[in-house]
1. Pairs please, first residue from region 42-61 and farther than 17 Å from Pro18 by Cβ and modelled with pLDDT of 95 or more, second anywhere and among the hydroxyl-bearing types (Ser, Thr, Tyr) and surrounded by 24 or more Cβ atoms within 10 Å (Cβ to Cβ), Cβ atoms under 7 Å, 6+ apart in sequence or on different chains.
2. Report yes if some residue within region 161-171 is more than 12 Å from the chain's Cα centre (by Cα), under 24 Å from Gly47 (Cα atoms), part of a loop (DSSP other than H, G, I, E, B) and among the aliphatic types (A, V, I, L, M); otherwise report no.
3. Please tell me if Ala84 is in contact (Cβ under 8 Å) with a residue 60 or more places away in the chain, assigned to a helix (DSSP H, G or I) and not aromatic (Phe, Trp, Tyr).
4. Just to be sure I understand, how many residues within region 137-150 are under 26 Å from Pro82 (Cβ atoms) and surrounded by fewer than 20 Cβ atoms within 10 Å (Cβ to Cβ)?
5. Of all residues in region 1-34, which are at pLDDT 90 or above, over 19 Å from Phe176 (Cβ atoms) and of a type in the set (D, E, K, R)?
6. Give the residues of region 6-28 that are of a type in the set (A, V, I, L, M, F, W, C), surrounded by fewer than 22 Cβ atoms within 10 Å (Cβ to Cβ) and over 16 Å from the mean Cα position of the chain (by Cα), sorted by residue number.
7. Based on what the data block shows, is Ala156 farther than 23 Å from Pro188 by Cα and in a helix (DSSP H, G or I)?
8. Could you give me the residue pairs with C-beta distances under 7 Å whose first residue belongs to region 137-150 and is closer than 17 Å to Thr123 by Cα and touching a residue at least 24 places away in the same chain (Cβ under 8 Å), whose second residue is of a type in the set (Val, Ile, Thr) and assigned to a loop (DSSP other than H, G, I, E, B) wherever it lies, and which are 6+ apart or on separate chains?
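The values are calculated or read from the model by the stated rules, or taken from the named source; none is laboratory data. Note that this is a predicted model, so its numbers are computed, not measured. Ideal geometry is used to build each Cβ from the backbone, glycine not excepted, and the neighbour counts take in all protein chains shown.
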Amino acid sequence: MSQAMIKLNGGDLTALRPHLAFGPAAAAVADGCARITDALERLEAGGFLLEATRLVAHALPKREAVWWACMCAAHTAPADLPDADRRAREAAEDWVRQQGDKPRRAAWSLAEASGFGSPEAWTAVAAFWSGDSMAPEGQPAVPPAPHLAGAAVAGAVALAAIRGDVTRQQARLRRFLESGRNIAAGGPGRLPAETA
């Protein structure tokens with residue numbers, strides 16, 4: 001892999017493994033890897049692209065992971081994307097830019113309004129689960145489990161990969177992984193809108 005993925009270098013692969021839900025074949029491919037980047041390379045080379053996206057979702061820092069989910073969702077968004085879904089993704093992007101509690105809670109409200117059924121909704125859930133508390137404002141803090149944001153990002157990416165035309169899944173996952181590598185190297189990871 002040509003880019004130095006500095007934002008994946010600090011993660012602990014052993015700590016992430018319980019949250020990745022790898023099947024036996026993918027787990028065998030990643031076994032013996034000490035570094036996240038090595039496991040990612042092996043998974044991709046072995047054709048385990050969905051598992052590779054799960055690894056990226058959990059390994060990137062939360063802010064970058066949410067941004068990545070937004071880029072993947074935007075890439076496959078149809079022209080007639082419902083407004084509630086668009087607004088949920090925009091709220092997640094706002095949280096990435098502002099990192100405050102107010103945009104994080106706004107993202108959750110918009111995910112709820114969208115019905116939690118789209119990649120966009122799960123980008124907003126990921127933003128919300130990246131904060132300090134899942135409790136209503138003014139209540140004692142209830143911290144989200146550390147892996148929840150990564151799980152929501154992985155869900156958003158998986159849904160974006162099969163949206164509309166499931167036959168595009170593998171090609172989309174490859175593009176998503178290119179975007180994730182770019183983000184891990186400090187880039188913006190932007191993907192152009194998918195063409196028919």
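1. Qualifying pairs under 7 Å: none.
2. Initially, region 161-171 is screened for residues more than 12 Å from the chain's Cα centre (by Cα), giving 162-171.
Imposing the further condition that a residue be under 24 Å from Gly47 (Cα atoms) reduces the set to 162-171.
Cutting the leftovers down to part of a loop (DSSP other than H, G, I, E, B) gives us 163-165.
Applying the additional criterion that residues be among the aliphatic types (A, V, I, L, M) yields none.
For region 161-171, residues more than 12 Å from the chain's Cα centre (by Cα), under 24 Å from Gly47 (Cα atoms), part of a loop (DSSP other than H, G, I, E, B) and among the aliphatic types (A, V, I, L, M): absent.
3. Values: in contact (Cβ under 8 Å) with a residue 60 or more places away in the chain: no; assigned to a helix (DSSP H, G or I): yes; not aromatic (Phe, Trp, Tyr): yes.
Criteria not met by Ala84.
4. 1
5. Within region 1-34, Arg17, Asp31 qualify.
6. First, pick out the residues of region 6-28 that are of a type in the set (A, V, I, L, M, F, W, C): 6, 8, 13, 15-16, 20-22, 25-28.
Adding the requirement that they be surrounded by fewer than 22 Cβ atoms within 10 Å (Cβ to Cβ) leaves 6, 13, 15-16, 21-22, 25, 27-28.
Once the filter is applied, which keeps residues that are of a type in the set (A, V, I, L, M, F, W, C), surrounded by fewer than 22 Cβ atoms within 10 Å (Cβ to Cβ) and over 16 Å from the mean Cα position of the chain (by Cα), region 6-28 yields Ile6, Leu13, Ala15, Phe22, Ala25, Ala27, Ala28.
7. Working: farther than 23 Å from Pro188 by Cα: no; in a helix (DSSP H, G or I): yes.
No: the conditions fail for Ala156.
8. Between residues of region 137-150 that are closer than 17 Å to Thr123 by Cα and touching a residue at least 24 places away in the same chain (Cβ under 8 Å) and residues that are of a type in the set (Val, Ile, Thr) and assigned to a loop (DSSP other than H, G, I, E, B), there is no close pair.
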